[in-house]
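Reading through the structure tokens given below for one structure.
The values are calculated or read from the model by the stated rules, or taken from the named source; none is laboratory data. Everything numeric in this text was worked out from a predicted model, so none of it was measured. Cβ: placed from backbone, ideal geometry, glycine included. Neighbour counts: every protein chain shown.
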Amino acid sequence: MTVEELISEFRERTKGSRSQRECYATYLADSRASAGYKSLLRDIHYPIVGSRAAGSHIWDVDGNSYIDLSMGFGVQLFGHAAPFVTDAIADQLALGIQLGPQARLAGEVAELIAKATGVERLCFCNTGTEAVMTALRLARTQTNRQKIAMFTWSYHGHFDGTLARPAMRDGERQSIPAFPGVPASLAADTVMLNYCDDAAFDVLEKESADLAAVIVEPIQSVQPWLRPGEFLRKLREWTTDRDVPLIFDDVLLGFRVHLGGSQAMFGVKPDIVTFGKILGGGLPIGVVAGDARYLEAIDGGAWTPANELTPSGRRTFFAGTYNKNPISMAAARAVLRRLLDEGPELQALLNETSETFTSELNRWLQDREIPIRIEGFGSLFRFRGRQLDLFFYKLLLNGVYLWEGRSCFLSTAHTKADLAELTSAIQDAALWWSEVGGRSDASPTSCRAKALDKP
Ligand code: PMP
């Protein structure tokens, strides 16, 4: 198959997805429709539109079936439409979507999260972005300091306060907005560091008096091959010594790599941790959790009308119309009960299955000198190589769904047969890609000799 044939077959097979973009682009501003735009692939540059999903599979509006490697951006640990989640949602829905009165299940869900992860207290919001934003506000409230140390290539959502990048200005490293529209004043309140690099400690030392927090994405989704165990332990020691709160952003990998999250995986306990994604079983949820002294800023502590306490400590503002919404709470309770019933073996087994799957594929690719590597952590992985756009389109044609951000996830719903099918589809796409040159500018040059790229 030539590149031109791939383009025309893809167009033919995904007519319905294409026509949605054609019909609605006038009205719908869609960042995903433009993600990774390349002029050669303009003709097939539109998101696949889904029609339904079950287990490890999704179907698009043209009736094509795919084995899903995106799994709801990592949300669907148990596969799509897991009956224990959809039943819990249906039962709650029958009671109405009560926003206003306290959600009946919120306390119980909080207790289950504490049981699974060992956190002291927590509060609910609706997205990972909100959870990070709130975690930073809590840290600033309790330290009365301003600056946040962050690491390049970490993703913490789309809150302006985390959309900074480092730049050299007048011979000095500064933090500037990563995107237009982000206020320079917010970027200036961040200190951007290189992850897993001990040179970060020199910068931290200089900034320590102004630091409200250090936030890490323990396993960075864009470079999941970094192994941060030792770095995290040093960071814990450094932040403890200087009384700077350490925040783990565990929105993506919490409950995926270990029942207790990254803190259990690496044996490093942060002061504050954010969760989201998997917890909501597909519904919006965010959680800010951690030591009681930080969560006290939400409600003045665990006082009740019956105990001897009164609201105390420094408090800040926190709110949200949809916080603790009863449908998300019902789904979260079902997910947490299942996770606790299964125990940490669930994640251990999925991690092992994923690692075997990727290492066998890597051996196959290496034997054929195809310059693609699959690297990751636990059940998250990425394809690593140069100019992989055509490879990804061929995978779609081969019945494997990947979203534009290209982070891949396995779920407990992926069967042995799915993995065998995935292996054949990936091998076929890799062979084709290496034969056509593996370049999205369709240059005929062989890609075999090219070195592997960095993200
Ligand atoms: N933090 C991390 C580590 C994430 O992976 C994400 C989302 N991928 C977020 C924060 C933001 O979460 P949300 O998309 O729910 O706002």
Requested in this report: Sort out which residues of region 213-229 are more than 18 Å from Thr162 (Cβ to Cβ) and hydrophobic (A, V, I, L, M, F, W, C), and write them in order of number.
Outcome: Trp225, Leu226
Query raised in the report: Any idea which of (1) in contact (Cβ under 8 Å) with a residue 40 or more places away in the chain; (2) more than 16 Å from the ligand (Cβ to nearest atom); (3) crowded, with 17+ Cβ neighbours inside 10 Å is the one Ala110 doesn't satisfy?
Result: (1)
Report summary line: Inside region 177-235, the number of residues satisfying the requirement of being among the charged types (D, E, K, R) and within 16 Å of the ligand (Cβ to nearest atom) is 1
Query raised in the report: Do you know which residues across region 243-295 are without any contact (Cβ under 8 Å) to a residue 40 or more places away in the chain, within 12 Å of the ligand (Cβ to nearest atom) and part of a strand (DSSP E or B)?
Result: Phe248
Requested in this report: Mind listing whichever residues of region 181-216 are surrounded by fewer than 18 Cβ atoms within 10 Å (Cβ to Cβ) and aromatic (Phe, Trp, Tyr)?
Outcome: Phe201
Query raised in the report: Could you say which residue among Ala53, Ala35 is of a type in the set (Gly, Ala, Ser) and touching a residue at least 60 places away in the same chain (Cβ under 8 Å)?
Result: Ala35
**Report entry** Sole residue being at pLDDT 95 or above, within 16 Å of the ligand (Cβ to nearest atom) and surrounded by fewer than 22 Cβ atoms within 10 Å (Cβ to Cβ), chosen from Asn144, Asn126
**Finding:** Asn126
Requested in this report: Please state which one of Val244, Val288 is surrounded by 21 or more Cβ atoms within 10 Å (Cβ to Cβ) and farther than 28 Å from Phe73 by Cα.
Outcome: Val244
Query raised in the report: Do any residues in region 127-153 that are closer than 21 Å to Leu193 by Cα and outside any helix (DSSP H, G or I) have Cβ atoms under 8 Å from those of residues that are within 9 Å of the ligand (Cβ to nearest atom) and polar (S, T, N, Q), where the two are at least six apart or on different chains, and which pairs are they?
Result: Ile148/Thr162; Met150/Thr162; Phe151/Gln220; Trp153/Gln220
Query raised in the report: Mind checking which residues of region 186-212 are in a helix (DSSP H, G or I) and not small (Gly, Ala, Ser)?
Result: Leu186, Phe201, Asp202, Val203, Leu204, Glu205, Lys206, Glu207, Asp210
Query - Single residue of region 97-134 satisfying the filter (among the small types (Gly, Ala, Ser) and touching a helix residue (DSSP H, G or I) at 6+ places or on another chain (Cβ under 8 Å)) that is nearest to Thr190 (Cα to Cα) - result: Gly128
Report task. Determine whether Leu69 is in contact with a Lys or Arg (Cβ under 7 Å, 6 or more places away or on another chain), under 17 Å from Lys277 (Cα atoms) and not acidic (Asp, Glu). Result -> no
Query raised in the report: Does region 343-357 contain at least one residue that is small (Gly, Ala, Ser), surrounded by 22 or more Cβ atoms within 10 Å (Cβ to Cβ), farther than 23 Å from Ser34 by Cβ and touching a residue at least 12 places away in the same chain (Cβ under 8 Å)?
Result: yes
**Report entry** Checking Arg368 against (1) more than 26 Å from Arg11 (Cβ to Cβ); (2) at pLDDT below 95; (3) charged (D, E, K, R), the condition it does not meet
**Finding:** (2)
Query - Pair list, Cβ under 6 Å, 6 or more apart: region 425-449 residue more than 20 Å from Arg42 (Cα to Cα) and of a type outside the set (S, T, N, Q), other residue crowded, with 20+ Cβ neighbours inside 10 Å and modelled with pLDDT under 75 - result: Cys447/Gly438
Requested in this report: For region 222-243, indicate whether the set of residues that are within 18 Å of Thr127 (Cβ to Cβ) and not basic (Lys, Arg) is non-empty.
Outcome: no
Report summary line: region 1-41: helices (runs of 4 or more DSSP H) wholly inside it with 1 or more residues that are over 15 Å from Tyr393 (Cα atoms) and within 29 Å of the chain's Cα centre (by Cα) are 15-24, 31-34
Query raised in the report: Inside region 160-180, can you point out the residues that are surrounded by 12 or more Cβ atoms within 10 Å (Cβ to Cβ) and assigned to a strand (DSSP E or B)?
Result: Ala164, Arg165, Pro166, Ala167, Arg173, Gln174, Ser175, Ile176, Pro177
Report task. Considering every residue within region 357-375, establish whether at least one is within 16 Å of the ligand (Cβ to nearest atom), in a helix (DSSP H, G or I) and hydrophobic (A, V, I, L, M, F, W, C). Result -> no
